[in-house]
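Working notes for the structure below.
Each value in this text was obtained by applying a stated rule to the coordinates, not by laboratory testing. Quick caveat: nothing in here was measured; it's all calculated off a predicted structure. Please note: Cβ atoms are built from the backbone with ideal geometry, for glycine as well, and neighbour counts cover all protein chains shown.
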Amino acid sequence: MGGNGHPDDGDLRPRRLRRRHEFLAVARGTFRAMPHVVVQMRERGDDGPPGVGFTTTKRIGKAVVRNRARRRMREVVRQLPERLLQRGRDYVFIAREGTAACPYRELAGQIERAVKKLNAGKGYAARPRPRRKGPRKGG
């Protein structure tokens, strides 16, 4: 929202994706895999600000490594050129094994290239996931 509270005042600050169903919806869209990061994108069909989410898995390391990878991805996305993250789209950035240790410029270049390719329609369709029946584990 802009200064007077109207949503169309040009405020392009991305909103954070925080809920599981938002991440799952983006996972059904398109993706682009790079050596140190995977970027997923989906078009929401509205004109709201872009949504961004960040995720890591235990496979890349312990909590310190996962947190470092997430912080680095957040900072790269924060410094992306204005309007690269387009309105009406959600993006999820997934850390890979070398994300926490790779040079910052290399990570920034990979994220920027992946987002540009997704915006240009050069992503890959997500593999269909089978629907689970019954409640989730642990809950």
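Structure above, values below:
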| item | result |
| --- | --- |
| Which numbered condition Val65 fails, given (1) over 20 Å from Arg32 (Cβ atoms); (2) out of contact with any Ser or Thr (no Cβ under 9 Å at 6 or more places or on another chain); (3) β-branched (Val, Ile, Thr) | (2) |
| Ala120 being over 18 Å from Arg13 (Cβ atoms), touching a strand residue (DSSP E or B) at 6+ places or on another chain (Cβ under 7 Å) and exposed (fewer than 14 other Cβ atoms within 10 Å of the Cβ) | no |
| Yes/no for Arg44 being of a type outside the set (Val, Ile, Thr), free of Cβ contacts under 8 Å to residues at least 40 places away in the same chain and farther than 10 Å from Thr99 by Cα | no |
| Residues of region 15-35 that turn out to be assigned to a helix (DSSP H, G or I) and either farther than 21 Å from Ala100 by Cβ or touching a Phe, Trp or Tyr at 6+ places or on another chain (Cβ under 9 Å) (or both), as a count | 7 |
| Test set (1) surrounded by 14 or more Cβ atoms within 10 Å (Cβ to Cβ); (2) free of Cβ contacts under 8 Å to residues at least 40 places away in the same chain; (3) farther than 23 Å from Arg28 by Cα - Tyr104 fails condition number | (1) |
| Count of residues meeting criterion [among the charged types (D, E, K, R), surrounded by fewer than 17 Cβ atoms within 10 Å (Cβ to Cβ) and in contact with a helix residue (DSSP H, G or I) (Cβ under 7 Å, 6 or more places away or on another chain)] in region 80-101 | 1 |
| Test: residue in region 55-66 that is surrounded by 15 or more Cβ atoms within 10 Å (Cβ to Cβ) and within 24 Å of Gly121 (Cβ to Cβ) | yes |
